[in-house]
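A short reminder: the numbers here are calculations on the coordinates, not readings from a lab. These numbers were taken from a predicted model, which means no experiment stands behind them. With ideal geometry, Cβ positions are generated from the backbone for all residues, glycine too; neighbour counts draw on all protein chains shown.
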Protein chains: 2
Amino acid sequence: MSAAEGSGVESNARPLTDELVEEVQSAIAAGDWPRAAELVAGLHAADLADLLQLLEPEQRLALTRALGERLDPETFSYLEEEVREELVEALGVERVAEIVSGLETDDVVDLLSELEAEEQAEILARLPPPERIAVEQQLAYPEDSAGRLMQREFVAVPEYWLVGQTIDYLRATPELPDEFYDIFIVDPRMRPVGGVPVSRVLRSNRSVPLRELRLKEIRPIPATMDQEEVAFLFRQYGLVSAPVVDEDGRLVGVITIDDVVDVMEEEAEEDLLSLGGLHETDVYAPPLKRAKRRIPWLLVNMVTAVAAASVVAMFEDTIARVTTLAVLMPIVAGMGGNAGTQSLTVTVRALATRELGPANAGRMILRELATGALNGLVFLLVGFLLAFLWFGDTQLAIVFGCGMLINLAGAALGGVLVPLVLERLGFDPAVASSIFVTTVTDMLGFFVFLGLATLVLL
Amino acid sequence: MSAAEGSGVESNARPLTDELVEEVQSAIAAGDWPRAAELVAGLHAADLADLLQLLEPEQRLALTRALGERLDPETFSYLEEEVREELVEALGVERVAEIVSGLETDDVVDLLSELEAEEQAEILARLPPPERIAVEQQLAYPEDSAGRLMQREFVAVPEYWLVGQTIDYLRATPELPDEFYDIFIVDPRMRPVGGVPVSRVLRSNRSVPLRELRLKEIRPIPATMDQEEVAFLFRQYGLVSAPVVDEDGRLVGVITIDDVVDVMEEEAEEDLLSLGGLHETDVYAPPLKRAKRRIPWLLVNMVTAVAAASVVAMFEDTIARVTTLAVLMPIVAGMGGNAGTQSLTVTVRALATRELGPANAGRMILRELATGALNGLVFLLVGFLLAFLWFGDTQLAIVFGCGMLINLAGAALGGVLVPLVLERLGFDPAVASSIFVTTVTDMLGFFVFLGLATLVLL
């Protein structure tokens with residue numbers, strides 16, 4: 001998406017309701033295309049994209065074909081990758097090239113970057129030369145970089161200009177973006193030296209030189225910066241737009257907040273899905289494809305589960321003599337897993353928001369260990385009571401309680417250490433921490449509980 | 001935060017580096033306050049807030065006191081609740097009231113809403129009457145509502161005005177916000193009927209009536225709307241600002257994208273922390289407070305763990321005869337937990353982005369079940385081979401493989417059904433789904449595996 005939104009008044013825009021989706025589905029089922037087209041006519045492109053995604057794949061395709069020219073090209077930029085690919089394949093390269101030429105450069109870049117190289121080349125070949133070159137240049141930036149995210153249309157003026165001169169220039173130049181929030185002030189070598197919010201320019205007298213306006217601190221973003229870092233800067237400094245510069249510090253584009261909101265969304269999705277070892281949502285994938293995507297993670301988990309089970313296997317003799325241990329051991333391991341997850345989520349979050357760094361990592365580790373020990377003491381008691389009341393065996397109850405204490409303390413420590421170490425080694429702690437921590441808590445839980453039992457009960 | 005950012009050029013603004021934090025810490029340790037103040041002088045309020053948070057609580061307080069008047073009041077709006085409360089307590093109500101009077105209304109509302117009622121009242125009493133009334137009115141809106149989020153300063157003009165008239169009004173009216181993105185057009189009863197981006201006004205000729213400009217579709221937000229819903233609207237429609245209206249549809253305030261970015265951040269934090277049953281980050285809390293916050297969730301998990309353990313207890317006799325079952329049973333349950341989490345994260349995410357609704361819930365459930373069955377078939381084989389190679393027992397291997405199949409299919413089904421049902425019942429599926437699903441997969445896993453073993457092996 002770009003800052004240039006809202007083409008014309010859409011006064012009758014209505015949000016996408018469950019009822020509307022149902023009505024559209026019936027119209028499609030009845031083959032009543034004029035009715036279906038009428039129903040979706042007032043929808044914002046984002047809502048139309050959502051509607052298409054809610055439909056069965058066949059209905060989706062049929063409706064897209066029936067809408068034809070009436071389909072707002074912007075709809076494509078709101079679709080999930082999976083659905084978009086499906087439609088591109090079904091509509092054919094020719095039609096897609098037509099659709100693409102109705103989009104802004106940054107949307108085209110976004111759309112093409114998710115297609116396969118062959119389709120990408122075919123569509124590029126059909127674009128008018130100036131647009132094609134612009135898109136190709138932007139596709140040359142690394143994936144997920146500021147260069148991919150930016151739009152190349154921006155407003156930059158020299159600092160010696162007056163407000164009036166600036167306004168006249170803006171009025172006289174048609175190829176500027178439709179909507180922008182900051183005017184960037186550049187030096188003679190096109191390096192941004194400051195910015196002025198458009199509203200401040202609008203409120204100043206024509207005779208005032210720009211440099212005398214209260215300038216806004218700008219944060220030039222290198223075109224190669226990762227989009228996650230870009231999102232951090234926007235959040236941290238409450239930016240609405242930021243200049244993107246090349247390696248010589250020259251202005252080459254601008255990133256606006258709406259693009260960053262999309263990045264934040266993507267990141268939130270990645271963080272959540274990574275808990276299940278997934279990289280992208282598979283809502284639109286058929287079962288076979290889903291299964292294929294999920295199996296690698298399950299295999300990794302199988303390995304860690306076997307590792308934990310082999311700890312249990314070490315104590316098979318003990319379990320054979322005191323079967324009750326088999327009943328209690330999943331509780332110790334499970335509680336450790338939960339305590340570890342608590343410590344882990346707090347740590348991962350603090351790393352992401354940069355509330356945790358070298359300055360306070362030591363303090364954090366000590367505090368987590370102390371927290372785990374305190375919780376451990378509570379559950380030593382809870383565990384003792386539970387096991388004693390359940391099985392009436394004091395020794396077993398003591399072993400169970402002590403197992404809880406040690407595992408909860410270890411879990412808290414693992415929950416903070418694992419992400420810190422992963423981060424230090426250059427990995428994303430959000431992705432891999434969870435499986436490491438539960439493996440640690442499982443193995444530790446089984447080992448401590450069954451080991452203590454072997455020492456005390458036999 | 002509000003749209004009014006960037007007070008003056010801060011050309012020497014530098015980002016917060018680990019080295020800078022260290023230097024500040026040494027300066028504080030040495031009691032060299034002029035040096036510490038000098039080091040932090042160029043920092044953006046957001047970075048200064050981060051720096052304060054990274055310090056030890058005593059250092060934090062000492063530095064705040066040493067900075068005194070030089071502390072940018074905005075810093076307070078960037079602090080985490082816990083740290084803010086600590087500083088408010090230490091600085092005293094008088095000083096805080098001074099700080100607060102340097103902030104914009106929406107920041108004051110945000111800050112006060114997180115303080116205790118008593119402190120809130122004391123600080124309010126010290127504010128100048130017009131500001132106090134404004135803040136009190138906004139605090140009257142429900143927590144996490146659009147009314148709390150909005151700022152009351154906005155730009156609204158009648159639709160019959162000309163561009164020139166609008167510009168003159170903006171130039172002549174000092175009490176407008178410093179920075180704004182849209183000018184709202186209102187009818188005679190103050191109801192917003194459209195909006196124009198400031199950049200479009202700036203580029204139009206003075207003689208053009210506003211109504212002849214290409215108007216922007218606006219999405220009036222009721223003041224009582226939940227902030228999560230507000231964030232959805234901003235994301236969905238790529239908004240930069242939106243008018244907030246009272247129950248009669250009259251314009252009462254405006255919400256800008258930077259406030260919404262903060263809400264998105266909060267939500268991402270909530271979603272992540274809810275996995276550990278936590279509501280807020282406790283990075284700044286001492287161990288005792290952390291432990292207290294974490295115990296309720298651990299107790300809930302204790303109950304579910306005991307429920308799962310009592311399934312194991314039902315089969316104690318079986319385990320006594322075939323101890324190997326105790327080794328393999330955590331694998332079945334653990335794999336189910338992971339498969340359930342995969343299905344769950346995809347479902348929770350799809351519900352949050354509204355990609356899942358009544359229109360496609362049935363399809364999603366069937367597809368997840370099919371996915372689980374496919375994965376189950378794969379792990380029937382993997383499990384069979386593992387158990388056979390490990391223990392050389394064909395019957396045991398068959399039981400283990402079948403346990404895997406049934407539990408993985410059940411886990412996939414549970415992972416999609418639990419969040420769907422929770423959502424239908426009006427609960428936040430992100431919060432409670434995880435614990436339900438793992439309880440289901442644990443109980444099902446133990447029951448199926450040990451039950452099959454009892455039937456086949458004994």
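A compact table of results
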| item | result |
| --- | --- |
| Segment residue B:187-residue B:81, length gained on full extension (0.36 nm per residue, minus Cα span) | 34.1 nm |
| Volume of the Cα convex hull of the stretch A:156-274, divided per residue and given in Å³ | 106 |
| Peptides A:79-86, A:139-146, A:371-378 ordered by average Cβ neighbours within 10 Å, highest first | A:371-378, A:79-86, A:139-146 |
| Average beta carbon contacts from partner chains per residue of B:357-367, 10 Å cutoff | 4 |
| Contour minus Cα-Cα distance for residue B:208 and residue B:456 (0.36 nm per residue) | 80.7 nm |
| Centre separation in Å (Cα based) which lies between the stretch A:73-103 and the stretch B:222-263 | 30 |
| Tensor-based shape of the stretch B:287-457 (alpha-carbon gyration tensor, a/c under 1.5 rounded, otherwise prolate or oblate) | oblate |
| FRET efficiency, 1/(1 + (r/R0)^6) with R0 35 Å, evaluated for residue A:133 and residue A:226 via beta carbons | 0.90 |
| Segments B:101-112, B:249-260 sorted - mean Cβ within 10 Å per residue, highest first | B:249-260, B:101-112 |
| Residues A:329, A:225, sorted so that the one with the fewest Cβ neighbours within 10 Å comes first | A:225, A:329 |
| Cα gyration tensor of the protein assembly as shown - equivalent ellipsoid semi-axes, whole Å, descending | 51, 36, 24 |
| Rounded FRET efficiency, nearest 0.05, which uses the C-beta distance separating residue A:58 from residue A:23 and R0 of 22 Å | 0.75 |
| For residue B:101, label point 7 Å along C-beta direction: distances to other copies, nm | 6.4 |
